[in-house]
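Asker: My questions will all concern the structure given below.
The values are calculated or read from the model by the stated rules, or taken from the named source; none is laboratory data. No experiment lies behind these values; they were computed from the predicted model shown. All Cβ positions, glycine included, derive from the backbone under ideal geometry; neighbour counts span all protein chains shown.
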Amino acid sequence: MEIWLRTNARALLFGMLGPMVLELVGLAMLVGWPIGESPWWLRVLGIVLVGFSSLLIVALAWQMRKPRLGYANGELLVWLRGAEPIRVPIEIVECFLLGQAPSLLPTKKHRHTDTSALIVRIADKAADWHHLDVKPQLGKWCEGYITIRGTWCEPLSIALVNKLNQRLADVSRAAIR
């Protein structure tokens, strides 16, 4: 698989800070720092905290490995819902555009903030691909447009969009041959 658009590693690394702090607290409970010898229940709580936070860190690291867009075997791979990508035939993908979309960040302060977005245009003839359910925080798939929120992908720019359009043209030409 060829990665076309990466996920936002900075956001996921920031999300790891809480579990890392929990893991340190759990380790302190486990070894008895700063009180010396810990009671058994404190060591058990430490083990639970270390295990839980380690699982969270691994899950976030796994998410970091997944791109937002990829290409393989004549299909655009779109990660906007579960663990498996949505496989879109490349011949119905017309172009990539740079736009804006609501960030959908959780705090009141950022609730109505816009973010840059990558828009993928799907051909009109592919009506079956015009509406799909995706995670709203990651994007929107409606009326033949896939909107990928910039909050959850690598930084978007005109240069990146031009590169994506060039790569789309290359693979489309190769598919025709």
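Asker: Does region 21-40 hold any residues that are outside any loop (DSSP other than H, G, I, E, B) and under 38 Å from the mean Cα position of the chain (by Cα), and which are they? Steps first, answer last, please.
Answerer: First, pick out the residues of region 21-40 that are outside any loop (DSSP other than H, G, I, E, B): 21-31, 40.
Listed by number, the residues that qualify are VAL21, LEU22, GLU23, LEU24, VAL25, GLY26, LEU27, ALA28, MET29, LEU30, VAL31.
Asker: Among the residues of region 1-20, which ones are surrounded by fewer than 13 Cβ atoms within 10 Å (Cβ to Cβ) and either of a type in the set (Val, Ile, Thr) or not in a helix (DSSP H, G or I) (or both)?
Answerer: MET1, GLU2 - these are the residues of region 1-20 that are surrounded by fewer than 13 Cβ atoms within 10 Å (Cβ to Cβ) and either of a type in the set (Val, Ile, Thr) or not in a helix (DSSP H, G or I) (or both).
Asker: Take region 62-87 and flag every residue that is outside any strand (DSSP E or B) and surrounded by 13 or more Cβ atoms within 10 Å (Cβ to Cβ).
Answerer: GLN63, MET64, LYS66, PRO67, ARG68, GLY74, TRP79, LEU80, ARG81, PRO85
Asker: Checking VAL93 against (1) more than 21 Å from VAL134 (Cβ to Cβ); (2) assigned by TED's automatic domain parsing to the domain that holds SER172, which single condition isn't satisfied?
Answerer: The one condition VAL93 does not meet is (1).
Asker: Out of all the residues in region 100-150, which are surrounded by 12 or more Cβ atoms within 10 Å (Cβ to Cβ), part of a loop (DSSP other than H, G, I, E, B), out of contact with any Asp or Glu (no Cβ under 8 Å at 6 or more places or on another chain) and at pLDDT below 95?
Answerer: LEU104, LEU105, THR113, LYS135, GLN137, LEU138
Asker: Step by step: first the residues of region 31-84, then only those that are of a type outside the set (Lys, Arg) and in contact with a Cys (Cβ under 9 Å, 6 or more places away or on another chain), then the one that is modelled with the lowest pLDDT. Which residue is that?
Answerer: Residue satisfying both the conditions and the ranking: PRO67.
Matching residues to (1) touching a Gly at 6+ places or on another chain (Cβ under 7 Å); (2) farther than 30 Å from PHE14 by Cα:
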| site | (1), (2) |
| --- | --- |
| GLN100 | no, no |
| VAL120 | no, no |
| ASP133 | no, no |
| ARG149 | yes, no |
| SER157 | no, no |
| GLN166 | no, yes |
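Asker: Give region 66-103 a look and list any residue that's small (Gly, Ala, Ser) and under 11 Å from SER172 (Cα atoms), or say none.
Answerer: GLY74
Asker: Scan region 76-97 and give yes if some residue there is touching a Phe, Trp or Tyr at 6+ places or on another chain (Cβ under 6 Å) and in contact (Cβ under 8 Å) with a residue 60 or more places away in the chain, otherwise no.
Answerer: Checked against the condition, which is being touching a Phe, Trp or Tyr at 6+ places or on another chain (Cβ under 6 Å) and in contact (Cβ under 8 Å) with a residue 60 or more places away in the chain, region 76-97 yields no hits at all.
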